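The values are calculated or read from the model by the stated rules, or taken from the named source; none is laboratory data. Just so it is clear, the model here is predicted, and its values are computed rather than measured. Cβ atoms come from the backbone with ideal geometry, glycine included; neighbour counts cover every protein chain shown.
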Amino acid sequence: MAFCIKCGTQLVDGANFCAKCGTPSSEVLGYTDTPSKGKLKFKDGSYYEGEYINYKPNGIGKKTFANGDVQEGRFENGEFVG
């Protein structure tokens with residue numbers, strides 16, 4: 001049983017995209033638990049540079065919002081923790 005990483009809707013077995021929000025499934029995106037480092041761009045115009053896991057900020061990095069605000073430091077599972 002798999003769930004959408006964005007909206008939490010249960011995915012139909014073998015689905016490539018969420019039927020509710022259209023987010024690609026983890027199989028399409030190639031999610032793994034292997035840490036990576038680089039730049040992620042988000043739909044809201046913000047971007048993140050640093051360490052991430054499964055395309056979510058995780059580790060040391062910097063997130064710049066579309067309005068120019070910046071969060072820099074440690075992220076866990078996509079959330080800024082300081």
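The table for this structure:
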read-out: Subset tally (residues that are modelled with pLDDT under 95 and touching a Phe, Trp or Tyr at 6+ places or on another chain (Cβ under 9 Å)) for region 67-82; value: 1
read-out: In region 2-12, the residues that are touching a residue at least 12 places away in the same chain (Cβ under 8 Å) and outside any strand (DSSP E or B); value: C4, I5, K6, C7, T9
